[in-house]
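Peer 1: Mind having a look at this structure? Questions to follow.
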Amino acid sequence: MSHIHWIGTGLSAIPGIKKLIQNGHQITVWNRTVITAEQALKDCEVTVREFSIPALSEELSNRDILVSMLPGEWHVSLAKLCLEKGANFVSSSYISPEMLELSKRFETANLACVNEVGLDPGIDHSMAHYLVSDLKKCELDSDISIDFISYCGGVPKFPNPFRYKFSWSPAGVLKALKSPSKSIKNGAEWNVQRPWEAISSYVAPLPLPEEFEVYPNRDSLPFITEYNFDPDWRINQFVRGTLRLQGWAEAWSDVFKEIESLSFPEGDARLQEMSNNFWKENAYEAAEPDRVVLCVSLKAEKNNKTLYHKTFVLDAWGTNESTAMARLVSIPVAKAVEIIKTGEIKPGVSSVPDSSKLVGQWIKMVDSLCQHLEIIDHLKEK
């Protein structure tokens, strides 16, 4: 029987570990600080080991499953270790070009290397796969215009003046503000150098509709193929982006100005100083609930007539047992581990499964993790 090695017990890891233990799987938890992991898992019977590559290498065996909840820069080296040991690999992070280069080796070894199985990326992919498959079932003409949006964000359940709170180091959020994005707007590629240059409003179709600020992030374009869009569809809009509370842009305006003025790598020290200050001023308090909102929408039109328009809308918040973010990131990771054990994921480097059976299982699982999940058919609203 394959053994599970889970590396990392940060804030987004614990519910997934507990789910695997609850479901009777053999698991070893690895962490740089053993006492921290033991405290986080004090109500569980589980082996905790001090993480190091040599120690892990001694324990990792053929057909085991290695889960990395470490920062992304660790993943490729750990995946290579899995290849050496004949083990499978799982992470919630985006697939890097370096990771993708390992796909043939994983295929040849008949091993799975599954990534992008958290919240975003992860759950958002499953929703997109569901909607695209649902649209194709309508058997419309391929000569249709498509609008696709996917917005996700972790926000405070109870808004603060900064309109944002941090559950871990703010450095990652600040660095992301320096990243350009690619998407499609009005039928053409839209390149944005800084997120604050592209902030717009979006009304989430929650039971009580709520307006958020949204902006595109990263490169959305590869996901057109990833989501199995028909090559004949005319894409008017395609964007994967970040969602924030109303007022976020105004509250962060001085932050944007300072980041714009920094030159790098010299500005890294100032960025770290800003991160430290934000952590002191805007970190979540103990037991303070967070909130996650995710909206994925697909619309098809022809001759200015809407033929299809559905939206997934998810709303979740923290409880006494876990944060919303931790549930929605780590329990899907645990689900990926379980379907590797059942042989339902094909060998090679891949993201969240796109088969109708597994997409259905994913959506059902997500429904159990959030306080609100709905598929809205906008045509039936009219």
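The values are calculated or read from the model by the stated rules, or taken from the named source; none is laboratory data. All figures in this text were calculated on a predicted structure; none of them were measured in a lab. Positions of Cβ are backbone-derived with ideal geometry, glycine not excepted, and every protein chain shown enters the neighbour counts.
Peer 1: Give the residue, chosen from Ile184, Ile199, that is at pLDDT 95 or above, assigned by TED's automatic domain parsing to the domain that holds Pro156, touching a Ser or Thr at 6+ places or on another chain (Cβ under 9 Å) and among the β-branched types (Val, Ile, Thr).
Peer 2: Of Ile184, Ile199, the one residue that is at pLDDT 95 or above, assigned by TED's automatic domain parsing to the domain that holds Pro156, touching a Ser or Thr at 6+ places or on another chain (Cβ under 9 Å) and among the β-branched types (Val, Ile, Thr) is Ile184.
Peer 1: Restrict the check to segment 199-211 and report whether at least one residue is touching a strand residue (DSSP E or B) at 6+ places or on another chain (Cβ under 8 Å), surrounded by fewer than 17 Cβ atoms within 10 Å (Cβ to Cβ) and of a type in the set (A, V, I, L, M).
Peer 2: yes
Peer 1: Counting only residues that are closer than 30 Å to Glu301 by Cβ, of a type in the set (A, V, I, L, M, F, W, C) and not assigned by TED's automatic domain parsing to the domain that holds Gly24, give me the helices (runs of 4 or more DSSP H) lying completely in segment 44-142 with at least 1 of them.
Peer 2: Fully inside segment 44-142 and qualifying: 123-137.
Peer 1: Follow-up. Given the conditions (1) in the same structural domain as Val155 (by TED's automatic domain parsing); (2) surrounded by fewer than 19 Cβ atoms within 10 Å (Cβ to Cβ), which single one is not true for Phe238?
Peer 2: So Phe238 meets the others, but not (2).
Peer 1: Assess whether Trp74 counts as being aromatic (Phe, Trp, Tyr) and closer than 17 Å to Ala334 by Cα.
Peer 2: no
Peer 1: What about Leu369, is it under 25 Å from Arg163 (Cα atoms), touching a helix residue (DSSP H, G or I) at 6+ places or on another chain (Cβ under 6 Å), touching a residue at least 24 places away in the same chain (Cβ under 8 Å) and part of a loop (DSSP other than H, G, I, E, B)?
Peer 2: yes
Peer 1: Still on this structure, please answer the following. Select from segment 162-180 the residues that are surrounded by fewer than 17 Cβ atoms within 10 Å (Cβ to Cβ), basic (Lys, Arg) and either part of a loop (DSSP other than H, G, I, E, B) or over 22 Å from the mean Cα position of the chain (by Cα) (or both) and list them in ascending order.
Peer 2: Residue satisfying the conditions is Lys178 alone.
Peer 1: Name the residue, out of Asp290, Asp268, Asp315, that is over 20 Å from Leu358 (Cα atoms), of a type in the set (Asp, Glu) and touching a Phe, Trp or Tyr at 6+ places or on another chain (Cβ under 7 Å).
Peer 2: So the residue among Asp290, Asp268, Asp315 that is over 20 Å from Leu358 (Cα atoms), of a type in the set (Asp, Glu) and touching a Phe, Trp or Tyr at 6+ places or on another chain (Cβ under 7 Å) is Asp290.
Peer 1: Name the residue, out of Asp315, Asp354, that is at pLDDT below 95 and either under 19 Å from the mean Cα position of the chain (by Cα) or part of a helix (DSSP H, G or I) (or both).
Peer 2: Asp354
Peer 1: Further, regarding this structure: Among the listed residues Glu285, Glu213, which satisfies the condition of being touching a helix residue (DSSP H, G or I) at 6+ places or on another chain (Cβ under 6 Å) and closer than 30 Å to Leu373 by Cβ?
Peer 2: The unique qualifying residue is Glu213.
Peer 1: Hey, among the residues in segment 5-53 that are aromatic (Phe, Trp, Tyr) and in contact with a helix residue (DSSP H, G or I) (Cβ under 7 Å, 6 or more places away or on another chain), which one's surrounded by the fewest Cβ atoms within 10 Å (Cβ to Cβ)?
Peer 2: So, considering only residues that are aromatic (Phe, Trp, Tyr) and in contact with a helix residue (DSSP H, G or I) (Cβ under 7 Å, 6 or more places away or on another chain), the one surrounded by the fewest Cβ atoms within 10 Å (Cβ to Cβ) is Trp30.
Peer 1: Here is a check on your reading of the model: is Glu98 modelled with pLDDT under 95 and surrounded by fewer than 15 Cβ atoms within 10 Å (Cβ to Cβ)?
Peer 2: No, not satisfied.
Peer 1: Identify the residue in segment 181-198 that is over 27 Å from Ile376 (Cα atoms) and polar (S, T, N, Q) and, among all such residues, is surrounded by the most Cβ atoms within 10 Å (Cβ to Cβ).
Peer 2: Ser181
Peer 1: Please enumerate the residues belonging to segment 1-40 that are in a loop (DSSP other than H, G, I, E, B), over 16 Å from Val333 (Cβ atoms) and not hydroxyl-bearing (Ser, Thr, Tyr).
Peer 2: Of everything in segment 1-40, those that are in a loop (DSSP other than H, G, I, E, B), over 16 Å from Val333 (Cβ atoms) and not hydroxyl-bearing (Ser, Thr, Tyr) turn out to be Met1, His3, Gly24, Gln26, Arg32.
Peer 1: In addition: Would you point out the residue of segment 148-161, among those that are surrounded by fewer than 18 Cβ atoms within 10 Å (Cβ to Cβ) and either aromatic (Phe, Trp, Tyr) or under 22 Å from the mean Cα position of the chain (by Cα) (or both), that is farthest from Tyr227 (Cα to Cα)?
Peer 2: Out of the qualifying residues, it is Phe158.
Peer 1: With a cut-off of at least 1 residues that are within 24 Å of the chain's Cα centre (by Cα) and farther than 20 Å from Ser179 by Cα, name the helices (runs of 4 or more DSSP H) lying wholly within segment 189-288.
Peer 2: Result: 222-226, 268-282.
Peer 1: A further question follows. Test Ile146 against the criterion of being under 28 Å from Arg218 (Cα atoms) and in contact (Cβ under 8 Å) with a residue 60 or more places away in the chain, and give yes or no.
Peer 2: Criteria met by Ile146.
Peer 1: Oh, and also: Could you list all residues from segment 301-351 that are in contact (Cβ under 8 Å) with a residue 12 or more places away in the chain and basic (Lys, Arg)?
Peer 2: Selection gives Lys302, Lys310, Arg327, Lys335, Lys341, Lys346.
Peer 1: Also: Go through segment 268-282 and count every residue that is touching a residue at least 24 places away in the same chain (Cβ under 8 Å) and either touching a helix residue (DSSP H, G or I) at 6+ places or on another chain (Cβ under 7 Å) or among the small types (Gly, Ala, Ser) (or both).
Peer 2: The number of residues fulfilling the criteria is 4.
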